[in-house]
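We did not get these values from a lab; they are worked out from the coordinates using the rules stated. Note that the coordinates shown come from a computational prediction; the quantities given were computed from them, not determined experimentally. So basically every Cβ, Gly included, is an ideal-geometry build from the backbone, and we count neighbours across all protein chains shown.
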Amino acid sequence: MPSDPATLVRAAETIRARLGEQLLVVGICGAQGSGKSTLSEGLAALFREEGVATAVLSIDDLYHTKAVREELGRTVHPLLATRGVPGTHDVALGLKLLDELAQGRPALLPRFDKGEDDRAPLDQWERAPADTRLLILEGWCVGARPQTAAALVNPVNDLERDEDPSGAWRRHVNDQLAGPYRALFDRLDALILLAAPGFEIVLRWRIQQEQTLRAKGQGMNDAQIDRFIQHYERLTRHILNEMPERADMTLPLNADRSLRI
């Protein structure tokens with residue numbers, strides 16, 4: 001979680017400058033464990049106190065069901081059975097939700113149970129009100145753009161080298177960013193990036209993030225987390241390289257998640 005209140009203040013300034021009577025969709029992007037959820041909830045509380053009807057949606061809550069991902073693993077590539085990368089989310093569900101809110105209607109906000117690795121039952125979903133003026137969409141790849149074909153050729157880690165030697169998985173992920181995800185991210189009115197000091201810090205952050213699930217007897221061990229984040233490495237490095245120049249606001253973080261001035 002961000003330890004520096006300046007992060008909240010700076011992000012709120014960007015949102016407040018754009019807020020109007022129509023629905024404002026703000027994307028918050030950041031590597032795993034960078035504090036996106038904490039920042040999003042802090043912003044939501046702040047704007048609700050100011051009388052702005054606000055909803056928060058994590059892109060993680062748009063994951064396909066376990067059954068759908070297992071089918072993708074069988075028919076497209078085995079690595080797609082693991083949640084995380086573009087291609088493992090129900091983009092159509094996200095677009096439907098945005099359409100409902102933009103038209104002034106209430107909308108159900110899906111929820112994903114990471115402990116069960118499956119979509120939560122409908123009775124656990126929340127509802128965004130009909131008068132929602134601010135939707136915060138947060139996630140590790142929110143607003144990401146595809147890489148060039150040349151950038152996909154060489155593997156970036158052991159997972160890609162050993163389990164995607166032909167590059168089929170990473171090309172599929174890239175195609176998803178260029179296609180369905182482009183339609184979703186084009187709906188963003190503003191994009192805020194929580195910029196980690198480098199991908200190397202993500203393992204530490206992700207282990208810290210896993211403590212809650214471990215306390216419930218559901219979390220991954222360190223070795224499992226190390227393999228898991230390799231699914232995210234390519235795109236996380238790409239985001240840190242290219243997004244800062246185009247994000248509406250980039251908030252550079254220190255290793256302790258405080259704002260780097």
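Relative to the Cα centre, the charge distribution of the chain, modelled as +1 at Lys and Arg Cβ and -1 at Asp and Glu Cβ, gives a dipole magnitude of about 200 debye. The charge dipole of the range 110-258, taken about the Cα centre with unit charges on the Cβ atoms of Lys, Arg (+1) and Asp, Glu (-1), comes to about 180 debye, rounded to the nearest 20.
Straight-distance candidates among the lysines for linking to K216, with alpha-carbon spacing under 23 Å and chain neighbours fewer than 8 residues away dropped: K36, K66, K114.
Need the C-alpha centroid separation for the range 212-261 versus the range 42-65, integer Å. Between the Cα centre of the range 212-261 and that of the range 42-65, the gap is 20 Å. In this structure, Q211 and A102 have a Cβ-Cβ separation that, at R0 = 51 Å, corresponds to a calculated FRET efficiency of about 0.85.
For helix 36-49, what angle does its Cα long axis make with the longest principal axis of the chain, in degrees from 0 to 90 and rounded to 10? For helix 36-49, the angle is close to 10 degrees.
In terms of packing, defined here as the mean over residues of other Cβ atoms within 10 angstrom, the peptides 105-111, 151-157 line up highest first as 105-111, 151-157. Close amide-amide hydrogen proximity is noted between L193 and C29, M249, T250, L251, each under 5 Å apart and 5 or more residues distant or on a separate chain (H modeled in the peptide plane; Pro and chain starts excluded). Residues whose amide H falls under 5 Å from that of R119, counting only those 5 or more places apart or on a different chain, are K66, D113, with hydrogens built in the peptide plane.
Placing a pseudo-label 7 Å from each Cα along the Cα-to-Cβ vector at A151 and R10 gives an inter-label distance of 2.3 nm.
Out of the DSSP beta bridges found with both residues in the range 5-251, what percent are antiparallel (nearest 5)?
25 percent
Relative contact order of the range 5-251, taken over Cα pairs closer than 8 Å and 6 or more residues apart, is 29 percent. In the chain, the calculated helix contribution to ellipticity at 222 nm averages -12000 deg cm²/dmol per residue, counting -39,500 (n - 2.57) for every DSSP H run with n ≥ 4. Computed from the Kirkwood radius of its Cα pairs, the Stokes-Einstein diffusion coefficient for the chain at 37 °C and 0.692 mPa s stands at 174 µm²/s.
When the trypsin sites (Lys or Arg not before Pro) in the range 207-250 are filtered for DSSP coil states and for at most 14 other beta-carbon atoms within 10 Å of their beta-carbon, the remaining sites are K216, R246.
A crude spin-label estimate for the pair A130 and D113, with each label 7 Å from Cα along the Cβ direction, gives 3.2 nm.
What's the extension gain from A120 to Q22 if we count 0.36 nm per residue and subtract their Cα-Cα distance? Full-extension gain reported as 32.3 nm.
Simple point charges give the picture: +1 on the Cβ of Lys and Arg, -1 on the Cβ of Asp and Glu, and for the range 186-261 a dipole about the Cα centre of about 260 debye. Divide the volume of the convex hull around the Cα atoms of the range 189-261 by the residue count and you get 112 Å³ per residue.
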